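First up is the structure itself, then whatever we jot down about it.
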Amino acid sequence: MIETSRLSPGDLLRLGLVGLRVRRMRAVLSALGISIGIATMVVVMSIPASSERALLAELDRLGTNLLQASAVPNQDPPVLLPEQATEMALRIGPVTEAGAVANTHVTIARNDRTDASAATAVLAVQPQLLALLHGTVRHGAWFGPATERFPSVVLGAEAAGRLGFEDLRGGDQLYIGRRWFTLTGILDPIPLAPEIDRAALVGWPAARGELGFDGHPTVVYVRSHDASVEAVRDVLPATVNPEGPGKVRVTRPSDALAAKRTTETHLNALFLGLAGVALLVGGIGVANTMVISVLERRREIGLRRALGAHRGQIRTQFLAESVALSLLGGVAGTALGVAGSVGYALHQGWPPVVPVAALAAGVGGALLVGVVAGVYPSMRAARLTPTEALATT
């Protein structure tokens with residue numbers, strides 16, 4: 001009985017790489033084909049992800065997860081929200097931010113010799129409100145731990161124009177509730193809260209000390225996780241006013257929230273479809289290369305079979321070559337796809353996003369493609385008998 005040769009896994013791996021070393025140009029061109037497919041897959045997952053991140057950020061600026069809770073108006077006696085309403089709202093699990101404003105019911109004028117501006121409300125504000133509303137300061141500064149305790153005022157964009165302030169000249173003062181307040185800031189327009197644009201804002205402690213403010217908020221602003229907006233809206237009235245939840249009005253979620261969720265769902269489905277097509281194209285290219293390789297190397301296969309190599313070794317040789325070829329292209333394609341995606345995102349002004357799934361799919365997908373694409377060629381090579389292979393002209 002003739003014993004077949006035994007090869008270690010390392011020997012089989014080195015044997016599988018023979019085709020790549022001997023036919024280097026073909027290996028490079030074949031790897032280039034799979035690398036283009038993998039790079040395409042990484043690009044179609046990363047660039048739309050960057051675009052999606054920019055789009056969702058824009059939708060988020062429209063207040064998709066912003067709710068406002070306020071007392072129902074025209075009640076007798078008037079409904080007052082608890083002084084701790086903001087802290088109570090933060091106890092809701094999905095809530096990430098909360099802040100409040102309160103109408104001080106005092107008047108404001110340019111000075112003590114002019115009439116009060118009836119269209120400009122004076123609101124006490126909590127310092128975290130500006131960040132919560134994604135607001136920015138055009139001139140001057142927002143309230144800090146020190147300035148919120150002193151008689152200083154920040155004007156909304158519309159209120160500043162109404163009172164005749166285009167910028168800060170230093171030392172400007174306004175007559176608020178028979179007290180002089182120093183103008184320290186002017187805000188840019190805040191699309192999420194136009195009532196802030198029309199108001200003069202003073203610090204919460206300063207309003208209590210200088211204007212006789214009682215500490216009860218008028219409106220509580222709340223941000224939560226997008227997926228939990230509706231649930232937060234349901235429990236918010238009972239949370240901020242346990243004694244009378246039916247007397248609390250909460251705004252409904254923004255229509256932009258539905259648009260945001262629809263965008264996420266449709267874009268994700270599109271990305272996965274494009275990635276699958278790119279990977280399929282790359283796999284077909286590798287399979288085609290390996291079939292041609294088997295046809296061209298029939299004499300080599302016949303010689304190895306005649307020298308004692310059994311079918312399993314032939315099958316493993318060509319399967320290893322297919323996997324190595326795909327991995328070479330997969331690594332190169334992943335690097336090329338990441339570089340292209342980041343460069344394009346930066347050029348468009350989008351935040352660069354390369355999903356971990358894209359990196360894993362680049363290398364893992366190449367490995368899977370190599371295995372699948374190499375199965376048929378390796379089995380075809382293993383089926384060749386020594387006489388059949390050596391008889392090929």
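The values are calculated or read from the model by the stated rules, or taken from the named source; none is laboratory data. Please read all numbers here as calculations on a predicted model, not as lab measurements. Positions of Cβ are generated from backbone atoms using ideal geometry, with glycine treated the same way; all protein chains shown enter the neighbour counts.
Quick look at the numbers
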{"item": "Search result, residues across region 128-161 that are outside any strand (DSSP E or B) and surrounded by fewer than 17 Cβ atoms within 10 Å (Cβ to Cβ)", "result": "GLN128, ALA131, HIS134, THR136, ALA141, GLY144, PRO145, ALA146, ARG149, PHE150, GLY161"}
{"item": "Residue count, region 345-362 (criterion: assigned to a helix (DSSP H, G or I), surrounded by fewer than 19 Cβ atoms within 10 Å (Cβ to Cβ) and at pLDDT below 85)", "result": "5"}
{"item": "Top-ranked residue in region 47-69 [being buried (at least 20 other Cβ atoms within 10 Å of the Cβ) and outside any helix (DSSP H, G or I); ranked as modelled with the highest pLDDT]", "result": "ALA69"}
{"item": "Positions within region 80-101 being assigned to a loop (DSSP other than H, G, I, E, B) and under 17 Å from ASP226 (Cβ atoms), in sequence order", "result": "ILE92, GLY93, PRO94"}
{"item": "Members of region 184-196 found to be crowded, with 20+ Cβ neighbours inside 10 Å and either touching a Lys or Arg at 6+ places or on another chain (Cβ under 9 Å) or among the charged types (D, E, K, R) (or both), listed by number", "result": "GLY185, ILE186, LEU187"}
{"item": "Any hit, region 265-274, residues being in a helix (DSSP H, G or I), over 30 Å from PRO94 (Cβ atoms) and either outside the structural domain of ARG383 (by TED's automatic domain parsing) or at pLDDT below 75 (or both)", "result": "yes"}
{"item": "Failed criterion for ALA119 (all others in (1) within 15 Å of ALA193 (Cα to Cα); (2) modelled with pLDDT under 95 hold)", "result": "(1)"}
{"item": "Selection from region 153-182 of residues that are in contact with a Pro (Cβ under 8 Å, 6 or more places away or on another chain) and aromatic (Phe, Trp, Tyr)", "result": "TRP180, PHE181"}
{"item": "Test for VAL106: is it crowded, with 22+ Cβ neighbours inside 10 Å and not small (Gly, Ala, Ser)", "result": "no"}
{"item": "Members of region 324-333 found to be crowded, with 24+ Cβ neighbours inside 10 Å and farther than 16 Å from ASN288 by Cβ, listed by number", "result": "GLY330, GLY333"}
{"item": "Qualifying positions in region 122-157 - of a type outside the set (A, V, I, L, M, F, W, C) and over 21 Å from GLY215 (Cα atoms)", "result": "HIS134, GLY135, THR136, ARG138, HIS139, GLY140, GLY156"}
